[in-house]
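Right, one structure below, let's go through it.
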Amino acid sequence: MRIHKILKKALARVAPVSIFIILSAAALSYWQHQRIAEQGLARVLTAEALRGLHMGAIELPPEQRNEAIATEVQHMVGGLFAMISVYDEDGQRIASAVQPGYTDTAKAIAARAAVVSTGTDTYESLAVSGMRMLRVSVPLSTADGQVLGHLEAIREVHPVELETIHHSALLSGVVAAVAVLLATIVQFPLLTNLALANYRNAQLIMQGHMGVLEALGRAIAKRDSDTGIHNYRVTWIAARLGEAAQLSNEQMCNLIAGSFLHDVGKIGIPDAILLKPGKLDPRELEVMREHVAIGGQIAGDVGMLAYAREVIEGHHEKWDGSGYPKGLRGEAIPLAARIFCIADVFDALRTKRPYKEPFPFETAMQIMREGRSIHFDPELFDQFEAIAREIDELITRCSDRDVMHMTQQVVQKYFFFENIEA
């Protein structure tokens, strides 16, 4: 099921990009094909214009040249050309002719900026009065290379030609789109295999990290003469409350890691104090409280352990500011620490310890209600109270192995899969 979701996620990411590339390739191919077709038509028009204008007229003396060119131009209009104009080297028109039926079109084109001679062949596509016109500009040169002006020839592109160009360009666009689609289909298995490989590698790495967290949690529990199940139990309870509070994936990771390692600093507390059966005196109590700072130093700022710092350093703070080590008040206490504090106290009240029997559920809840707005975040406590009975009934009837399994499922959900999918 997870592999299916990963493939679906990969497809969801690849599909929009692929569609964009396919559409872009089709549009570019369509536009390029139309442009090439127009260029081909312009070359034909240029060649015909030069062929139609007898070059002998260009070689005549200036006083005879203009009259000869005007005569040639009158013979050229009709058939291929709709309009022809000839300009001298200064851009002054010296001759022009218009095919019957194109007078209004000629006026509309004349109102536009003329094509300026650049000494080379140029062309322009125009839309005039619902018609597609192609205008070419051809330099007129003598045999010795002297440019005497330029010829401007205009031809209507027949609707049949336009339709042919359109269909040809459309076919070119479709071929380009299909080619890109086939390339995408071929590459998709490679991309999904890469995504699966990355997912499996990330899983292995994350499993290693979580194995370290669990091992440290068990080591801390043994150091404190506990079986270690407390870490699993309180982590699961905290996770349930975190979900009820709608924590983000990252916040859940912080909460879970911190719950496993909340007392990691006890590694640095002397046995004489940590394992003392009786009540600690004020000096010993101060030493015991140092486990919070020690835990923060162990967690550090980098890697998986850094996830745990919020809970490690804040789970003994209290809502009214009477906690330690910093005396933080209200929302200044990290959210993960406020959630864990509720889970930790509930578990402490409801489980058997060497120095006490478990309190009944109602008694435990009454004790905690008295700490609302003093020890606990009131809003979070209300959310916890709404699910406390369900949590208690499930935890009570579960074996230690069941609790470990439920906790590992929570870890799997937020660290192994959801975090990768996010």
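The values are calculated or read from the model by the stated rules, or taken from the named source; none is laboratory data. A quick note: this is a predicted structure, and the numbers were derived from the prediction, not measured. Please note: Cβ atoms are built from the backbone with ideal geometry, for glycine as well, and neighbour counts cover all protein chains shown. Side chains are part of the model used for accessible areas, which takes the heavy atoms of the whole protein and leaves out ligands, DNA and RNA. Shrake-Rupley method; radii C 1.70, N 1.55, O 1.52, S 1.80 Å.
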### Task
Work from the charge dipole of the chain (Cβ charges, +1 for Lys and Arg, -1 for Asp and Glu, about the Cα centre) and give the residue of Pro358, Gln92, Ile36 farthest towards its positive end.
Pro358
### Task
Excluding residues fewer than 8 places away in the same chain, name every one of the lysines whose C-alpha is closer than 19 Å to that of Lys276.
Lys222, Lys266, Lys352, Lys356
### Query
Taking amide H positions as placed 1.01 Å from N in the peptide plane, with prolines and chain starts having none, which residues 5 or more places from Met83, or on another chain, fall under 5 Å of its amide H?
Gln99, Ile154
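How do Val14, Val174, Val73 rank by accessible surface area computed with a 1.4 Å probe, from largest to smallest?
If we order Val14, Val174, Val73 from most to least accessible, we get Val174, Val14, Val73.
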### Message
Can you give me the accessible area per residue for the range 248-394, using a 1.4 Å probe, in Å²?
### Response
48
### Message
Between the range 333-357 and the range 152-200, what is the separation of their alpha carbon centroids in Å?
### Response
63
### Query
Can you tell me the Rg and Dmax of the range 270-363, counting just the alpha carbons, in angstroms?
14.8, 42
### Query
So, in Å, what gap is there between the alpha-carbon centers of the range 11-31 and the range 276-325?
56
#### Entry: Net charge of Cβ neighbours under 10 Å - reference Ile387; Lys, Arg +1; Asp, Glu -1
-2
### Message
Relative contact order for the chain: what percent, with Cα pairs under 8 Å and sequence separation of 6 or more?
### Response
13
### Summary
Of every hundred units of 1.4 Å-probe accessible area on the chain, the number belonging to carbon and sulfur atoms, as a percent, is 58
### Query
Taking the structure as given and computing Rg/Rh (Cα atoms, Kirkwood Rh), which label from [x] 0.96; [y] 1.00; [z] 1.45 fits?
[z]
### Task
Provide the three semi-axes, in whole Å and in decreasing order, of the ellipsoid equivalent to the range 64-205 as defined by the square roots of 5 times the Cα gyration tensor eigenvalues.
54, 20, 13
### Query
On full extension of the chain, what length is gained from Val147 through Ala12, given 0.36 nm per residue of separation minus the C-alpha to C-alpha distance?
42.5 nm
